[in-house]
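Read the structure below first, then the notes.
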Amino acid sequence: MLKYILKRIFFMIPLLLGITIICFSVMRLAPGSPVDLETQLNPKSSVEMKERLKALYELDKPIHQQYWSWLKKLSRGDLGISFASDHRPVAAKILERIPITILLEFLSLLIIIAVAIPIGVLSAVHQDSLFDKITGVFVFIGFAVPTFWLALLLMIFFGIHLGWLPISGLRSLNYEYLTPWGQFVDLVKHLVLPVFISAFGGLAGLSRYMRANMLEVIRQDYIMTARAKGLSERDVIYKHALRNALLPAITILGLSIPGLIGGSVIFETVFAIPGMGQLFYMAVMARDYPTVMGILLIGAILTLVGNLIADVSYAVADPRIRIS
Amino acid sequence: MGFWETFCKNKLALTGSGIVLLLFLVSLFAPWFAPYDPGQIDLKNVLMPPSMDHWLGTDQLGRDVLSRMIWGARISLKVGFAATGVSIVIGTLLGAVAGYYGGWVDAVIMRFVDIMLCFPTFFLILAVIAFLEPSIWNIMIIIGLTGWMGVTRLVRADFISLRERDFVQAAKVIGAGDLRIIFGHILPNAMASILVAATLGIAGAILTESALSFLGIGVQPPTPSWGNILTAGKDNIDIAWWLSLYPGLAILITVVGYNLLGEGIRDSLDPRLKK
């Protein structure tokens with residue numbers, strides 16, 4: 001098992017290098033001298049900023065040296081200094097916001113698993129039933145709904161029309177005066193809509209995948225064997241079929257991670273949640289390049305780590321993978 | 001059964017083509033369909049709810065929402081087609097080369113695909129936009145440049161299975177060059193899956209464009225797009241629900257339309273592709 005994990009980590013190294021090369025190329029996208037272009041576009045440009053850009057990119061050196069010294073800084077965890085008025089290191093700014101984003105992504109993953117898998121399994125077991133047809137329609141619409149629009153509608157309905165849920169931020173104004181239990185309830189109330197919206201995109205995909213998977217497994221010979229030896233339908237479905245259908249779902253969950261992280265820009269901006277996605281959006285709007293590049297890199301690394309976790313858990317669950 | 005017979009029997013596919021056709025007509029004849037000039041500011045009728053004069057209400061500058069949505073259909077059609085065109089061309093070329101030649105060429109291209117897939121697409125798009133002006137042309141190209149990986153995998157898989165077939169071997173025997181085999185013999189056989197990917201890709205590109213415009217980094221006002229009308233909806237969320245409801249509904253229906261059409265084409269062109 002350890003050997004398998006080490007092997008996977010080893011295979012990640014070229015990907016990691018590729019990620020840094022792409023990040024570096026995005027920085028060089030601007031035609032002509034990046035210093036001139038960036039500062040021209042930015043109304044807040046100043047001589048000082050030009051100097052800092054020059055220092056950051058080491059523009060007086062050849063490109064491979066620029067890349068190499070940037071990489072060396074990265075390996076020390078140095079992502080540069082933000083252009084925003086706080087002049088703080090980018091790494092620190094990202095680090096303080098990552099927990100919120102990861103918490104939200106984690107909760108949405110839990111919801112996706114808890115909702116999509118039963119839906120997929122039930123609609124496969126009762127294929128062509130009314131339930132299957134209704135969920136089929138929902139899944140189809142789920143693929144097509146712009147999540148930010150759904151967020152607006154839910155804000156209007158639950159936040160403004162009914163007044164049940166807060167529509168922005170993570171805490172109420174009176175948060176500090178609440179009891180610990182009250183603070184918890186307050187946080188949960190603030191999280192309901194963002195987590196639902198973040199999970200929504202993944203729900204359709206996973207439930208459809210689970211359904212297809214389950215349908216395939218049910219047709220296998222060993223299911224027929226299980227039925228033939230007189231097991232109850234319950235045991236056949238939930239013990240024999242479900243376990244085998246669940247395995248590939250781990251991969252799909254891993255694949256849905258970049259979508260979740262990318263989506264954080266949208267729902268954190270809509271709901272004013274102080275996470276990494278919102279920081280990214282603000283950095284893009286303010287043309288705070290060190291922060292933009294830092295988050296782009298971290299987002300890709302998080303995806304890589306997420307995929308590693310998915311691969312490893314697949315190997316834990318399925319011995320065939322780690323042996324071959 | 002031929003393609004058209006199967007396609008015409010598929011009610012969902014017909015619904016999809018109906019929606020897509022309607023959108024084409026609306027975009028083409030936007031100046032005739034729109035009851036008002038989409039840029040006409042009317043400060044006496046700001047944020048008016050839907051009425052007989054303004055069927056879908058007015059926005060924060062008194063502009064007619066229906067007219068802006070009709071013109072917005074043009075934008076989403078343009079962006080959808082152009083962005084998908086870019087990603088289909090890149091994806092097909094890379095996938096064809098990787099699948100046909102195999103070996104290290106294939107390995108290099110597919111590692112590149114893996115690396116690109118590590119980036120949350122939306123992050124990559126936003127990062128690139130931060131360095132460029134958010135114009136409609138840049139948006140189209142950027143969405144296209146970040147969306148070709150799926151097509152590459154698809155086309156590569158098709159090429160790998162097709163290159164060993166007898167007709168390809170026969171073409172080689174009569175001395176056809178690589179280019180002729182790739183474009184003249186194999187590609188036509190991979191067109192079915194490319195066409196389906198393109199149709200579904202248009203839906204995805206329209207969703208991405210609307211999200212970008214909603215965030216204020218896509219199509220810039222005063223050019224109307226469904227996404228930037230929704231921005232106004234968010235800014236006036238407590239007083240003007242119609243600004244939020246209708247443009248999103250238009251996006252939803254459009255995307256459903258392209259998805260239905262894409263799945264319809266898939267089921268009719270090639271029953272083997274049916275899921």
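Whole-Hz Karplus ³J(HN,Hα) for the range A:161-173, in order, using 6.51 cos²θ - 1.76 cosθ + 1.60 and θ = phi - 60°, x for Gly and Pro?
Values, residue by residue: 5, 8, x, 7, 10, x, 10, 8, x, 10, 9, 7, 4 Hz.
Go through the range B:1-88 and name the chymotrypsin sites (Phe, Trp or Tyr not before Pro) that are in a DSSP coil and have 11 or fewer other Cβ atoms within 10 Å of their Cβ.
Those that pass, being in a loop and sparsely packed, are B:29.
Using the beta-carbon distance between residue A:61 and residue A:16 and R0 = 22 Å, what value does 1/(1 + (r/R0)^6) give for FRET efficiency, to the nearest 0.05?
Numbers: r = 23 Å, r/R0 = 1.06.
Approximately 0.40, to the nearest 0.05.
As I understand it, the dipole of the protein assembly as shown uses +1 on the Cβ of Lys and Arg and -1 on the Cβ of Asp and Glu, about the Cα centre. Which of A:162, B:239, A:253 lies farthest toward its positive end?
Of A:162, B:239, A:253, it is A:253.
Under a cut-off of 14 Å between alpha-carbon atoms, report the aspartates and glutamates in cross-link reach of residue A:7, not counting same-chain residues fewer than 8 places apart.
List returned: A:311.
Could you check the spin-label model distance between residue B:105 and residue A:73? Points 7 Å from the Cα along Cα→Cβ, value in nm.
Taking the simple label geometry, residue B:105 and residue A:73 are separated by 3.9 nm.
What residues have an amide H closer than 5 Å to that of residue A:81, excluding those fewer than 5 places away on the same chain, when H is modeled at 1.01 Å from N in the peptide plane?
Long-range HN contacts for residue A:81: A:90.
With label points built 7 Å along Cα→Cβ from the Cα atoms of residue A:251 and residue B:160, find their separation and express it in nm.
1.2
Under 5 Å between amide H atoms, partner at least 5 residues away or on a different chain: which partners does residue B:62 have, H built in plane at 1.01 Å?
B:42, B:47
Which residue, A:264, A:129, A:168, tops the fluctuation ranking in a GNM of chain A built on C-alpha contacts under 10 Å?
Most flexible of the set in this elastic network: A:129.
Among B:99, B:185, B:195, whose Cα sits farthest toward the positive end of the charge dipole of the range B:71-218 (+1 at Cβ of Lys/Arg, -1 at Cβ of Asp/Glu, about the Cα centre)?
Positive-most Cα among the choices belongs to B:185.
Could you tell me how far the Cα centroid of the range B:43-77 sits from the Cα centroid of the range A:138-191, in Å?
If you average the Cα positions of each part, the centres end up 28 Å apart.
Determine by what factor the alpha-carbon radius of gyration of chain B differs from 2.2 N^0.38 Å, reporting the quotient.
Details: Rg = 21.8 Å, N = 275, 2.2 N^0.38 = 18.6 Å.
Ratio of Cα Rg to 2.2 N^0.38 Å: 1.17.
Whole-Hz ³J(HN,Hα) for each residue in the range B:258-267, computed from phi via Karplus 6.51 cos²θ - 1.76 cosθ + 1.60 with θ = phi - 60°, x for glycine and proline: what do you get?
5, 5, 4, 4, x, 5, x, 4, 4, 5
Placing one identical point scatterer on every Cα of the range B:108-191 and ignoring solvent, what is log10 I(q)/I(0) from the Debye formula at q = 0.13, 0.14, 0.21, 0.23 Å⁻¹?
-0.59, -0.65, -0.94, -1.03
If a paramagnetic tag sat 7 Å from the Cα of residue A:184 along the Cα-Cβ line, which residues of the range A:76-106 would have the backbone N under 20 Å from that point?
Of the residues in the range A:76-106, A:100, A:103-104, A:106 have backbone N under 20 Å from the label point off residue A:184.
How much net charge surrounds residue A:124 when only other residues with a Cβ under 12 Å from its Cβ are counted (Lys, Arg +1; Asp, Glu -1)? Kindly include the intermediate steps, with their values, before the conclusion.
Working: positive: A:208, A:211, A:219; negative: A:128, A:132, A:216.
Charge balance in the 12 Å sphere: 0.
If Lys and Arg each add +1 and Asp and Glu each add -1, what is the summed charge of the other residues whose beta carbon sits under 13 Å from the beta carbon of residue A:315? Display every interim value, and only then the final one.
Working: positive: A:3, A:7, A:8, A:320, A:322; negative: A:311, A:318.
So the environment of residue A:315 carries a net charge of +3.
Rounding to the nearest 20 debye, state how big the charge dipole of the range A:73-122 is about its Cα centre with +1 on each Lys and Arg Cβ and -1 on each Asp and Glu Cβ.
Numbers: 5 positive and 4 negative charges, 36 e Å.
Dipole magnitude for the range A:73-122 comes out near 180 debye.
In which sequence would B:241, B:137 go, from the one with the fewest C-beta neighbours within 10 Å to the one with the most? It would help to have the intermediate numbers written out before the result.
Values: B:241 20, B:137 12.
Fewest-to-most Cβ neighbours within 10 Å comes out as B:137, B:241.
Among A:239, A:93, which comes first, second and so on when ranked by fewest other beta-carbon atoms within 10 Å? Working shown, then result.
Details: A:239 12, A:93 23.
Ascending Cβ contact count within 10 Å gives the list A:239, A:93.
Go through the range A:302-313 residue by residue and turn each phi into a ³J(HN,Hα) via Karplus (6.51, -1.76, 1.60, θ = phi - 60°); whole Hz please, and just put x for glycine and proline.
4, 4, 4, 5, x, 5, 4, 4, 4, 4, 5, 5
Please report, in debye to the nearest 20, how large the charge dipole of the protein assembly as shown is about its Cα centre when each Lys and Arg carries +1 at its beta carbon and each Asp and Glu carries -1 there.
Numbers: 48 positive and 41 negative charges, 306 e Å.
Using Cβ point charges on Lys, Arg, Asp and Glu, the protein assembly as shown gives about 1460 debye.
With chain B treated as a Gaussian network of Cα nodes joined by springs under 10 Å, which of B:188, B:224, B:49 yields the largest mean-square fluctuation?
B:188
Taking square-rooted eigenvalues a ≥ b ≥ c of the alpha carbon gyration tensor, is the protein assembly as shown rounded, prolate or oblate, where a/c under 1.5 means rounded and, failing that, a/b exceeding b/c means prolate? List each step's numbers first, then the result.
Values: a/c = 1.24, a/b = 1.14, b/c = 1.09.
Judged from the Cα gyration tensor, the protein assembly as shown comes out rounded (a/c under 1.5).
With only Lys, Arg, Asp and Glu charged, each at its Cβ (+1 for the first two, -1 for the last two), find how big the charge dipole of the range B:32-127 is about the Cα centre; round to the nearest 20 debye. Mind dumping the intermediate values first?
Working: 6 positive and 7 negative charges, 20 e Å.
With only Lys, Arg, Asp and Glu charged at Cβ, the dipole is about 100 debye.
I need to check one value: relative contact order of chain B, counting alpha carbon pairs closer than 8 Å and at least 6 residues apart, in percent. Can you show the working numbers first?
Details: 412 pairs, mean separation 72.1, N = 275.
Relative contact order here is 26 percent.
Report the net charge of residues surrounding residue B:91, where surrounding means a beta-carbon distance below 10 angstrom and charges are Lys +1, Arg +1, Asp -1, Glu -1. Display every interim value, and only then the final one.
Details: positive: B:153, B:156; negative: none.
So the surrounding residues net to +2.
Just to be sure I follow the rule: in chain B, considering lysines 8 or more places apart or on different chains, how many pairs have Cα atoms under 29 Å apart? Walk me through the numbers before you get to the answer.
On the way: B:9/B:274; B:9/B:275; B:11/B:78; B:11/B:274; B:11/B:275; B:44/B:234; B:78/B:234.
Lysine pairs meeting both conditions in chain B amount to 7.
Quote the convex hull volume per residue of chain A, based on C-alpha atoms, as a whole number of Å³. Can you show the working numbers first?
Numbers: hull volume 63.1 nm³, N = 324.
Output value, Cα hull per residue: 195 Å³.
Computed from the coordinates by the stated procedures, all read-outs in this text should not be read as laboratory data. Remember, it's a predicted structure, so these values are computed and weren't measured experimentally. Cβ coordinates were reconstructed from backbone atoms using ideal geometry, including for glycine residues, and neighbour counts include every protein chain displayed.
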